[in-house]
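Notes follow the structure.
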Amino acid sequence: MNAHNAQIKALPVDGFILSASIGKSLFLCGNEKIMSEIVYGYCHCGCGKITSVAPKTITRKGYKKGVPVKYLPGHSSCGEKHSNWKGGKRIDTFGYVQLWDPKHSRSSNTYVREHIVLAEKALGKPLPEGAQVHHVNQKKADNGGGNIVICQDDAYHKLIEKRARALQACGHATWLKCPFCKQYDNPTKMFLNAKGYAYHRKCSADYRRNLTRNKSRFIQESMQ
């Protein structure tokens, strides 16, 4: 929360109180009660993010047309106050571990993936733009020591994953997979086309021959 948007001071009071003044609220911070003046247009949960303007008046939600809403979706009762709170750690739909951290620059709906937090902790700074994190054992939920590698971009990440699959399948990280016979082989024994795809010439010829034969058979059957 920016300094020009809020003035904070400790108050020796007990209990949770909402001020009558617009934009002012009391919330817990450690063992003290803190008074925060949050300008409308910023989320009142204290995350410092900008809220949207209400398109119409909805009394039950506290929306007034043309006035910024008080909270971002899910921020009015987030963290430990939420009814589904499970310690701030969960698994997302893609299988990655997420941590509750609404102030993180990469947070999505107040959660950020754990491997990003660990990678940034190791670097001592935020991940560079475009950088990605690779899981060595291909298990997305395993963020243990030695299992995450920081990749400079998506292309390098895909290259690591491609070589990891080859190493697991044939024991040679640099071997390539023929798209026709689905077998890995030494690149020197394969043909590499202009688009960078490697395949066996014989496998390609057999595929085309079978394709032509099946097409001719289909035409003949359809004419009968």
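A short reminder: the numbers here are calculations on the coordinates, not readings from a lab. Everything quoted here is computed from the prediction, not taken from an experiment. Counting neighbours? That spans all protein chains shown, and the Cβs are built from the backbone with ideal geometry, glycine included.
So if I place +1 on the C-beta of Lys and Arg and -1 on the C-beta of Asp and Glu, and nothing else carries charge, what would the dipole magnitude of region 86-174 be about its Cα centre? I want it in debye, nearest 20.
200 debye
Taking a point 7 angstrom from the Cα of HIS172 along the C-beta vector, which residues in region 189-212 have backbone N less than 14 Å away?
Once the point is set 7 Å along Cα→Cβ of HIS172, 189-191, 199-200 turn out to lie under 14 Å by backbone N, inside region 189-212.
Based on a Kirkwood Rh over C-alpha pairs, give the Stokes-Einstein translational diffusion coefficient of region 175-224 at 37 °C and viscosity 0.692 mPa s in µm²/s.
Approximately 267 µm²/s, per Stokes-Einstein.
Could you pull out the trypsin sites (Lys or Arg not before Pro) across region 189-224 that fall in loop regions by DSSP (anything but H, G, I, E, B) with no more than 11 other Cβ atoms inside 10 Å?
LYS195
Calculate, for LYS189 and ARG213, the FRET efficiency according to 1/(1 + (r/R0)^6) with r their C-beta to C-beta distance and R0 30 Å; round to the nearest 0.05.
Once rounded, the FRET efficiency stands at 0.70.
Once the piece of chain linking LEU159 and LYS56 is laid out straight, how much longer is it, given 0.36 nm per residue of separation minus the C-alpha distance between them?
Extending this stretch completely gives an extra 32.1 nm.
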